[in-house]
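Engineer: Dropping a structure here in structure tokens format, bear with me for questions.
The values are calculated or read from the model by the stated rules, or taken from the named source; none is laboratory data. Keep in mind that this is a model prediction, so the values were computed, not measured. A quick note on method: Cβ atoms are made from the backbone with ideal geometry, for glycine too, and the neighbour counts reach across all protein chains shown. To get the accessible areas, we keep the full protein, side chains included, count just its heavy atoms, and leave off ligands, DNA and RNA. Shrake-Rupley method; radii C 1.70, N 1.55, O 1.52, S 1.80 Å.
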Amino acid sequence: MLIHVMRFTRAAAALACSFPAFAATVSVDVIGADGKPLAGAVVLVDTPRKPAGAMKPGGPYEMAQQNIAFVPHVLIVPVGATVSFPNRDKVRHHVYSFSKARKFDLKLYGKDETRSVVFDKPGVVALGCNIHDAMNGSIIVVETPYAVQSDAKGHATIADVPVGGATIRVWHPSIRAPDNMLAQSATVTATGYTTTYTIRGR
């Protein structure tokens, strides 16, 4: 019986190896205009093949006002997400955006108060505060589940990307392009895909 089991196991392994991989890892290094790794860039992969399960808004998602700043400075959310805007400062804030992807205006509200906004279109939403001009932040609304920010070394890794043709996009405020975003076509193979983006400064 043991011999039969071993034969079955080997046969199953051989059969599994005979099928091509359907997903792989995309690795992107983002380099700033100064030649150094760029942290905080948003890397997105758009693919014709979508995941089996529909993308859910999920959450909770939060863009707080804290220490006279937006926290986090950049937030990635899926289309349809509701984002809360809690005020954790002792002063009042008036949060707004004039962006095409989502225009909104949250009138003055104080400490421990919260407002919320639904983001129903993909795109980059730039945030500001009518009271504190130095405050700025961004919400990146995406239709793809393959979206991450680069780490301190400028590296972004996205797993389980469908094999085949894809478009890789990189967003950062320093990029001189519409919506501060660059895009290039790619082919994700069974062994994955690796590329480097070098950002040209303003």
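Engineer: Is there a residue in the stretch 101-115 that is of a type in the set (Val, Ile, Thr) and within 30 Å of ARG49 (Cα to Cα)?
Structural biologist: There is no residue in the stretch 101-115 that is of a type in the set (Val, Ile, Thr) and within 30 Å of ARG49 (Cα to Cα).
Engineer: Checking ILE68 against (1) open to solvent by 40 Å² or more (accessible area, probe 1.4 Å); (2) of a type in the set (A, V, I, L, M, F, W, C); (3) under 24 Å from VAL188 (Cα atoms), which single condition isn't satisfied?
Structural biologist: That leaves (3) as the condition not met.
Engineer: Output yes when any residue across the stretch 152-169 is part of a strand (DSSP E or B), under 14 Å from the mean Cα position of the chain (by Cα) and exposed (fewer than 13 other Cβ atoms within 10 Å of the Cβ), and no when none is.
Structural biologist: The answer is yes, given that some residue of the stretch 152-169 is part of a strand (DSSP E or B), under 14 Å from the mean Cα position of the chain (by Cα) and exposed (fewer than 13 other Cβ atoms within 10 Å of the Cβ).
Engineer: Quick check on this structure: which one of TYR197, TYR193 is of a type in the set (Ser, Thr, Tyr), open to solvent by less than 20 Å² (accessible area, probe 1.4 Å) and in contact with a strand residue (DSSP E or B) (Cβ under 7 Å, 6 or more places away or on another chain)?
Structural biologist: Within the list TYR197, TYR193, the selection yields TYR197.
Engineer: If you scan the stretch 165-182, which residues turn out to be modelled with pLDDT under 95 and either among the small types (Gly, Ala, Ser) or more than 30 Å from ASP120 (Cβ to Cβ) (or both)?
Structural biologist: If the condition is that a residue be modelled with pLDDT under 95 and either among the small types (Gly, Ala, Ser) or more than 30 Å from ASP120 (Cβ to Cβ) (or both), then SER174, ALA177 are the ones that fit.
Engineer: Kindly indicate whether any position in the stretch 19-35 is part of a loop (DSSP other than H, G, I, E, B), out of contact with any Asp or Glu (no Cβ under 8 Å at 6 or more places or on another chain) and either at pLDDT 95 or above or surrounded by 14 or more Cβ atoms within 10 Å (Cβ to Cβ) (or both).
Structural biologist: yes
Engineer: Quick one: in the stretch 82-93, of everything that is crowded, with 16+ Cβ neighbours inside 10 Å and either free of Cβ contacts under 8 Å to residues at least 12 places away in the same chain or out of contact with any Phe, Trp or Tyr (no Cβ under 8 Å at 6 or more places or on another chain) (or both), which residue is nearest to PRO178 (Cα to Cα)?
Structural biologist: Here the answer is PHE85.
Engineer: A follow-up question, please. So which of SER185, SER99, SER116 ends up being surrounded by 17 or more Cβ atoms within 10 Å (Cβ to Cβ) and hydroxyl-bearing (Ser, Thr, Tyr)?
Structural biologist: Selected residue: SER99, the only one of SER185, SER99, SER116 that is surrounded by 17 or more Cβ atoms within 10 Å (Cβ to Cβ) and hydroxyl-bearing (Ser, Thr, Tyr).
Engineer: Moving on to the next point. Quick one: SER138 ticks every box in (1) surrounded by 15 or more Cβ atoms within 10 Å (Cβ to Cβ); (2) in a loop (DSSP other than H, G, I, E, B); (3) within 22 Å of the chain's Cα centre (by Cα) except a single one, so which number is it?
Structural biologist: Result: SER138 fails condition (2) only.
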